[in-house]
Structure formats: C-alpha cells, structure tokens
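Data block below; observations after.
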Amino acid sequence: MAKSKSRRPPRIGDAPVFRNTMIAVVLTLVALVIIAPLAVIGYEAFSRGIAYFGKTIANSDTRHAILMTALTALIAVPINTAFGVAAAWAITKFDFPGRRLLLIVIEIPFSVSPIVAGVAYLFVYGLQGLFGETLQSADIKILFALPGIVLASMFVTAPFVARELIPLMQAQGRDLEEAATSLGASGWRTFFFVTLPNIKWALLYGVILCNSRVMGEFGAVSVVSGNIRGQTNTLPLHIELLYHDYNAVGAFAAASILAALAVVTLIAKVALERRGAGRVRRPSLAGTAPDISETTP
Amino acid sequence: MKIRLDTVVKTFDTFRAVHGVSLDIESGELVALLGPSGSGKTTILRMVAGLEFPDGGAIYFGDENATDIEVRHRGVGFVFQHYALFPHMTVGENIAFGMKVSKTKRSGAEISERVAHLLRLVQLEGLQDRFPAQISGGQRQRVALARALAVDPKVLLLDEPFGALDANVRRDLRRWLRKIHDELGITTLFVTHDQAEALDLADRVVILDKGRIVQTGTPEEVCRAPASAFVMNFLGDANRLKVTVSDEKAQIHNVTFEAPDIADGPAELYFRPADVTWREDGHGIQATIARVIDRPDSRRVLALTVDGQSIEFDAAPEFPFRAETRGFVDIRRPRVYPA
C-alpha cells in the first residue's frame, strides 16, 4: 500500500494495519461496554425460566412500579411534547427579544445533573421549602407523590422534543408558513396543515426519545419520590430496591422491561430516520428512500 | 386594483432598508422593482404583501388604507423565489389549498373544476397528482403561480420569480408570464435584480438603490435616458471617462461633448460599448487597442485612451485591427453625469 512508486498513493488511514486496529478497538469496546451488559440482563432475567420471570413481574410491588412509570410517562410526555412544539415554533418562526436566551435555557436540563433538579424541587416544594407550608395547609401533596415524580421527569426531558424540531424547522425556514397565510389560512390551520405534516417524523422521534427518558429517569425522581415501595416507586427505583434486597433475578427481570423499551426505541429510531427524521432537510413524501448503504458500510 | 405607496419606511434593527419610498401602480399594470441586492426591493414587495409592516408611511389598495391589514386578509397572491410549494401535497392540492381555507366557501366540485382550469392556464394539465419533488423547477414555479392565482388576488406579487431557474427556462417563463398577465389583466408587481428580465417583462421599471427609488419609467425611458450614473451602470455595460466640464461643455483631449445642466469642474462621461466607431484618422479620442476578444456575433475591443483610461467597445466581426494599433474612438450618444 505504502509503496512510494505506487500509482495511487494511500489516503490517510488507508493502511490496513491502521484500519484493522481501529475497527478492532471499536468492536471490542462496543462488545464490552454495550452488548455484554444487555446480554447479561436478558440471561439473568430468564435464568430461572420463563415461569419465574412471569411471577417476578406479576409481583404486586413490581406491577405498581410499572403502573407508576406508565402513568408518569402518560402525563409528562404529552406536556413536554406540547412544550417542545411551542418552543420550537416560537424560536424558529418568530423574532422576539430573548429568543436566544430561551434557546439556551431549554438546553439546561441536558447539561445539569438530574439530581440537581430533584434537590431543587425539594427546596421549592419540600416542607422546609418555598411553598412547603402553603401546600401543606392546602393539603396538596407534591413531593413523595405522583406530581413530584411527574415534575422531576418533565424537567429532565424538557429539551428532547424541542431539540429534535428546532434544527429541522430552522432549515425549513418560514416560506411555507408565509405562503399559507398569504393564501388566507389562519395560524392554526397553517400549523396543522402545513407545518405539522412537514415535521411529523422528527416530532415522533422526539416524542419516543422523550418517552424512553421519562421511563428510565432515576436521579431526579429518586430524590422527590421518597422511594415508598408499592406507592411512589417507579420502575428504575424499584429495580434498585430489588437489587439491594439481593433479589437479583427480580431486579434483572424488571430491568429487562426497560431494556426491551430501549430496543423498541432503537427500532423506532431507525425506522423514523429512514423516513427523514433527524435529517436537517425537508422530509418529502415524494422523495426517494434514503440510500442506506451510505450509513451502513 | 390600484396600489399606492406613500413615503414608506422600514428599518431592521439599525439598518434602514427602505427610505421613504412613494410609488403609484396603476390598475392592471405590470411593474418591476429592479435593484442590486440590499436595495430594499424585496422588503418593499413584502410590505405590499403584508409579510412585513412598514415603520412609517402608508400603503393603499385602491382607496383603502391597507397598511395594517394582515396578510391573510389582504387578498394578494405571493410567489416566492424558491416556490414554497407544500411538499406533502400534490400539485392539485397545492393549488386548491387557498380555496379550501378561503372564507368564500366553494363546493368540492367547484374547487376541482377551478384547479383543472388553472392547470390549463399554466399549461400543466396531467401533472395534478404529482408531488412538487417530482416536477422540474420551471413547472414548480408555474404551480406556485397557479396557487397564487387560485384565490382571485387583487394584486399579484412575485419575488425574484425566475431567480432559481436556468437561462433558457427563464426566458420562456418570462414571455409566458407576460402572456398570462395580458390575459388576466391583474395588477402585478415583481422583484428582480436582472435588468434584462425587468426590461423584457415590465410596463414600467422602478429602479432602486440603497432603499430609495432612483428612477421610474417605461423600459424605453430608463434605457434611453438614465437619470444617473448608477442607473446607466446598472442597466448594462457602460464605459466611464473622466472629463472636465466648463460652460456646459465636457472636454477630453480636444474633443468636446454637450453637457447640459452640469456644473463646471470634473465630471464623468458614460457611453455604451455599442456606441463607438473606431477610426484610423480624423476626430475622436486618441486611443491604442490593448486586446481584441471574439464573441459569436461581434468582437469586443479593449482599448486605452491616450491618457491611460481603459474603455471597451463592440465592433463588427470583420473588425481587422489587432493589439497595439493606434486610432481614434468616435463616441455616439454620450451622457455626462456629475462626478
């Protein structure tokens, strides 16, 4: 390859030693860091057979944790979706003072540790917190109850939908909306018939990411939920409890549910990306299917 | 519908895009806003459409003050440079969109009949079920026009309508747009930076520079009598020679030109490359040929005057002279502007 008189001089990184080393390093790391733990979860969960797995899942505390997680997602995801769409729409289609600031503020949950959010909620809604006494006298329970869990989850996942939509909507510009209004369409009509159809795949992708993060959130929720078994335990918290109880199979079985969710999310992600989500380009129903060979060498 | 702009002003942040522009557009007229980029022409068009609101002045549609009417109630048809067709709708759905959201309710049959009619008008029969991504650029722009016409606009506004198309398609579409305009008689205002397009298409050309109107007139008026050196330069190739004016006469090397109403002192003499005759002797400005460039229909001669100012002129394909030849340039139709 590296012969000095070769007619085609090797490009950088073309030497086989270099190439194979790189590939080997990456594959080893992927196997050790990502594949192995997931395989262990699957193996351990079913290590005592499917019947035992079913029994573990059917445990009332586990069922309640699953219910809590689903309930949290059912509330938090739609609210954050509405928030994300509104924020992306405002940032990309209007000019207003503080636009750049809003863009930065939306990113905060990405850069701050979730536990900080949890502690912050303690200070605001806790007994010794800002609104603690008011809330207690009004007999409203936010902390150590579902509202606290939902709030903490919402904080952590606030940026997901907006982050998916903003680059796409920025690339799409305002022409389509201007065209629709110049033709006499109202704001709502423009949104539902012109904007939404052009962002739907990216939106769905953002919703799926948001959902998987809500269901998997541990740090912020563990601070505000109080970890009461059978009452305020979400699935990730419950897994930790089971593990501390030396119930490894139960922990792995519950974890396998979250892992299965991750797999579903991945499949949805790949499927949606093939439909144009996550690409900074106007997706087109008429466009040809993207060339997959480009992404999978 | 007659349109009147009355000292319209628009400022973006600190940049004054439009300085007190006043303009009357007669009903049924086809007017071009012509200017270089940054001259404010698109801003003016968007203010007429209601996509931007002026900071000062007023815009009248007929006798009605339309300044504060929002775009969806203004009744304009707007055609965007990059078409802005809805990519998720077919050609037919794109054209029908305005009728479906309109307050004047139309039945489904009525809408589809009108879509078919508009498709015939823009010569795109049979493409109704294609998506915008499946048709060519020129076809997309015609769909955009049909979509704008579907809502019976009082005014048709086009923002660089042919800017994204290649030269041949542009020329065909220009002629075709003129034909459509003559058929429908709708008041039309379009923006372009291409002087050939403006002169080819418009009844009247409004030339803009730095947010101000510098000249308004028919293509003939602006071509034959450019009001300033800027207009002279912008409309086409022009040569510039430094001259000295005294007593309304411009002087350069013993050659004098009429310079009515020009103050004494240094000035600039402009002329088109086609308005030059090369002479081996006799009168004219003494010059030396520097280079001859061949073109399909003529020869372009680059020459230096005796005091070192460079000029270019067109000569017949048979022009026999080569570089280093000395002679005289005889200038026809010179125009003198203050320096």
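The values are calculated or read from the model by the stated rules, or taken from the named source; none is laboratory data. The structure displayed is predicted, hence computed values, not measured ones. Cβ coordinates were reconstructed from backbone atoms using ideal geometry, including for glycine residues, and neighbour counts include every protein chain displayed.
On the basis of being farther than 22 Å from B:T256 by Cβ and either modelled with pLDDT under 95 or within 33 Å of the chain's Cα centre (by Cα) (or both), does B:D314 make the cut? Can you show your working first?
Details: farther than 22 Å from B:T256 by Cβ: yes; either modelled with pLDDT under 95 or within 33 Å of the chain's Cα centre (by Cα) (or both): yes.
So B:D314 fits the description; yes.
Residues are listed down the side, and each one gets a yes or a no for (1) among the β-branched types (V, I, T); (2) over 16 Å from B:D159 (Cα atoms); (3) surrounded by fewer than 21 Cβ atoms within 10 Å (Cβ to Cβ):
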| residue | (1), (2), (3) |
| --- | --- |
| B:G57 | no, yes, yes |
| B:H73 | no, yes, yes |
| B:Y83 | no, no, no |
| B:P87 | no, yes, no |
| B:I95 | yes, yes, no |
| B:G98 | no, yes, no |
| B:G108 | no, yes, yes |
| B:S112 | no, yes, yes |
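Here's the yes/no breakdown for (1) at pLDDT 95 or above; (2) surrounded by fewer than 19 Cβ atoms within 10 Å (Cβ to Cβ); (3) within 14 Å of chain A (Cβ to nearest Cβ); (4) within 23 Å of B:T192 (Cβ to Cβ):
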| site | (1), (2), (3), (4) |
| --- | --- |
| B:V122 | no, no, no, yes |
| B:F131 | no, no, yes, no |
| B:Q141 | no, no, yes, yes |
| B:D152 | no, yes, yes, no |
| B:L157 | yes, no, yes, yes |
| B:E160 | no, no, yes, yes |
| B:N168 | no, yes, no, yes |
| B:R175 | no, yes, no, yes |
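Limited to segment B:2-34, what total is found for residues that are part of a loop (DSSP other than H, G, I, E, B) and at negative phi? Break it down into steps so the answer makes sense when it comes.
The first filter runs over segment B:2-34 and keeps only residues part of a loop (DSSP other than H, G, I, E, B), leaving B:2, B:13-14, B:26-29.
Imposing the further condition that a residue be at negative phi reduces the set to B:2, B:14, B:26-27, B:29.
So the count comes out to 5.
Here's a check for you: in segment B:72-111, which residue that is among the β-branched types (V, I, T), more than 8 Å from chain A (Cβ to nearest Cβ) and outside any helix (DSSP H, G or I) is nearest to the chain's Cα centre (by Cα)?
Going through segment B:72-111, the residues among the β-branched types (V, I, T) turn out to be B:76, B:79, B:90-91, B:95, B:101, B:104, B:111.
If we keep only those that are more than 8 Å from chain A (Cβ to nearest Cβ) as well, we get B:79, B:90-91, B:95, B:104, B:111.
Filter once more, so that each one left must be outside any helix (DSSP H, G or I): B:79, B:90, B:104.
Values: B:V79: 16, B:T90: 32, B:T104: 35 Å.
The qualifying residue nearest to the chain's Cα centre (by Cα) is B:V79.
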Which count do you get for residues in segment B:35-73 that are in contact with a Leu (Cβ under 7 Å, 6 or more places away or on another chain), over 26 Å from B:V101 (Cα atoms) and among the aliphatic types (A, V, I, L, M)?
1
Taking segment A:242-255, which residues are under 16 Å from A:G216 (Cβ atoms) and surrounded by fewer than 21 Cβ atoms within 10 Å (Cβ to Cβ)?
A:Y243
Of everything in segment A:172-181, what is at pLDDT 90 or above and either over 15 Å from B:F80 (Cβ atoms) or out of contact with any Lys or Arg (no Cβ under 7 Å at 6 or more places or on another chain) (or both)? Give them in sequence order.
A:D175, A:L176, A:E178, A:A179, A:A180
Checking B:M99 against (1) closer than 28 Å to B:T192 by Cα; (2) in contact with a helix residue (DSSP H, G or I) (Cβ under 9 Å, 6 or more places away or on another chain); (3) among the hydrophobic types (A, V, I, L, M, F, W, C), which single condition isn't satisfied?
(1)
Condition met for B:I252 (closer than 20 Å to B:R333 by Cα and outside the structural domain of B:T43 (by TED's automatic domain parsing))
yes
If you scan segment A:19-34, which residues turn out to be modelled with pLDDT under 90 and within 24 Å of the chain's Cα centre (by Cα)?
A:I34
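Against the condition among the aromatic types (F, W, Y) and without any contact (Cβ under 8 Å) to a residue 60 or more places away in the chain, how does B:F319 come out, does it pass?
On the way: among the aromatic types (F, W, Y): yes; without any contact (Cβ under 8 Å) to a residue 60 or more places away in the chain: yes.
Criteria met by B:F319.
Mind listing whichever residues of segment A:14-28 are surrounded by 11 or more Cβ atoms within 10 Å (Cβ to Cβ) and under 25 Å from A:A259 (Cβ atoms)? If you could, list the steps in order and put the result at the bottom.
As a first pass, look at segment A:14-28 and keep what is surrounded by 11 or more Cβ atoms within 10 Å (Cβ to Cβ): A:14-15, A:18-19, A:21-22, A:27.
Answer for segment A:14-28, where residues must be surrounded by 11 or more Cβ atoms within 10 Å (Cβ to Cβ) and under 25 Å from A:A259 (Cβ atoms): just A:L27.
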Kindly indicate which of B:A32, B:A49, B:A58, B:A66 is within 14 Å of chain A (Cβ to nearest Cβ), touching a Ser or Thr at 6+ places or on another chain (Cβ under 7 Å) and among the hydrophobic types (A, V, I, L, M, F, W, C).
B:A49
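Hey, can you tell me all the residues within segment A:231-245 that are free of Cβ contacts under 8 Å to residues at least 12 places away in the same chain and not hydroxyl-bearing (S, T, Y)?
From segment A:231-245, those free of Cβ contacts under 8 Å to residues at least 12 places away in the same chain are A:243-245; that's our starting set.
Result: A:H244, A:D245.
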Has segment A:157-164 got at least one residue that is away from chain B (no Cβ under 14 Å), surrounded by fewer than 22 Cβ atoms within 10 Å (Cβ to Cβ) and either without any contact (Cβ under 8 Å) to a residue 40 or more places away in the chain or in a helix (DSSP H, G or I) (or both)?
yes
Of (1) modelled with pLDDT under 90; (2) within 14 Å of chain A (Cβ to nearest Cβ); (3) touching a helix residue (DSSP H, G or I) at 6+ places or on another chain (Cβ under 7 Å); (4) under 29 Å from B:K2 (Cβ atoms), B:A164 satisfies all except one. Which?
(4)
